Amino acid sequence: MTEQTLRSSDWNGRNGHQWLLHQGRLDAMLAPFGSAAIAAGALMPDMQVLDIGCGAGDSTLAIAEQVGENGTALGIDISQALIGRARERAEATGSRARFDLSDAAQASFPAAMFDCLFSRFGVMFFDDPVAAFPHLRPTLKPDGQLLFACWRSAGDNDWVRLPMRAIAEIVSPTPPPPPHAPGPFSFGDPARITHILSAAGFGDIVITPFDHDILFGETVAAAVQRALDVGPLERALAGQPDTVRARAIMAVGNAFDARRTDRGVVINGAAWIVAARPVAH
Ligand SMILES: C[S@@+](CC[C@H](N)C(=O)[O-])C[C@H]1O[C@@H](n2cnc3c(N)ncnc32)[C@H](O)[C@@H]1O
């Protein structure tokens, strides 16, 4: 696997802009996973919810509907471009969701402010989750809940395993990232999640597998383009000569073609849904 480390600064560069380019499709792809994480808890009207790494705000907007006019749905993200898009969406839809440009690992909130800390595929990008979770835990009310969705391993997720395997003999592998480097699969090991959350003062940790079909593209060409624009394939092919890219694109197209259905290229997505509560001191 030639996956590279994805540092938080990348979200203010090319990665954030590529995400914006595909935002509608990515939201459609990720929404079922976010809904599963919300359903794992008990979000109710009037609750105060923090959406960590909210990106363009899709899940925050959904949470704002659930908590109603006396609740709070606050999305925070380090990407200026994505927070900008989230604010535009809230304004356009009249949503009460609010958005702040802020690093969750450093943001300062009053103690016991939130009923729920939520994240849809955000927390595995923390530069240092071992420090970030203890920083966030005191912001939860004693009976509050942590709920998030994160990917299982790359090997469990064909939307990345297939294209990366297709290019393995074409692109020379980059050195493997340090173990647990921030990136989409850094929380793939449930033992690691348990370890990080326990050390941060969380208990009642429940980690449940959740699988859902992803419509990766309406056509094979669209699926290849998406893989080229966002995610591990994009990073693996960055800077490769045109001849290598052309061969890689052909190989990825063939791999996706094997998953073509009447709807388009449909591939299973494999996530963990994580729920936990703060431990009383
Ligand atoms: C894979 S995207 C998911 C975005 C959004 N939650 C969604 O589901 O569409 C990960 C997001 O986490 C954000 N992020 C990474 N590290 C962060 C941090 N330390 N604090 C806040 N946001 C962070 C990135 O900027 C990016 O928008």
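Laid out as a table, the results:
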| item | result |
| --- | --- |
| Matching option when the condition is within 15 Å of the ligand (Cβ to nearest atom), in a loop (DSSP other than H, G, I, E, B), in contact (Cβ under 8 Å) with a residue 40 or more places away in the chain and not charged (D, E, K, R), among F118, F148, F187 | F187 |
| Pairs with Cβ under 6 Å, 6+ apart, first in the stretch 10-30 and under 18 Å from I214 (Cα atoms), second near the ligand (Cβ under 8 Å from one of its atoms) and of a type in the set (D, E) | D27/D58 |
| Count of residues meeting criterion [within 16 Å of the ligand (Cβ to nearest atom), small (G, A, S) and either open to solvent by less than 20 Å² (accessible area, probe 1.4 Å) or not in a helix (DSSP H, G or I) (or both)] in the stretch 41-77 | 8 |
| Unique match (being in contact (Cβ under 8 Å) with a residue 40 or more places away in the chain, in a loop (DSSP other than H, G, I, E, B), more than 16 Å from the ligand (Cβ to nearest atom) and surrounded by fewer than 17 Cβ atoms within 10 Å (Cβ to Cβ)) among P209, P178 | P178 |
| Test: A223 is modelled with pLDDT of 90 or more and buried (at least 21 other Cβ atoms within 10 Å of the Cβ) | yes |
| Qualifying residue in the stretch 195-206 (condition: surrounded by 14 or more Cβ atoms within 10 Å (Cβ to Cβ) and within 30 Å of R263 (Cα to Cα)) | no |
| A81 vs. criteria within 10 Å of the ligand (Cβ to nearest atom), part of a helix (DSSP H, G or I) and surrounded by fewer than 21 Cβ atoms within 10 Å (Cβ to Cβ) | yes |
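So that you can scan it fast, the table gives a plain yes or no per residue for (1) of a type in the set (S, T, N, Q); (2) over 19 Å from the mean Cα position of the chain (by Cα); (3) modelled with pLDDT of 95 or more; (4) open to solvent by 70 Å² or more (accessible area, probe 1.4 Å):
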position	(1), (2), (3), (4)
E88	no, yes, yes, yes
G94	no, yes, yes, no
G122	no, no, yes, no
P129	no, no, yes, no
P134	no, yes, yes, no
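The values are calculated or read from the model by the stated rules, or taken from the named source; none is laboratory data. Being a predicted model, the structure only gives us computed values, none of them experimental. Virtual Cβ from ideal backbone geometry, glycine too; neighbours counted across all protein chains shown. Areas reflect the complete protein model, heavy atoms only, side chains present, ligands, DNA and RNA absent. Shrake-Rupley method; radii C 1.70, N 1.55, O 1.52, S 1.80 Å.
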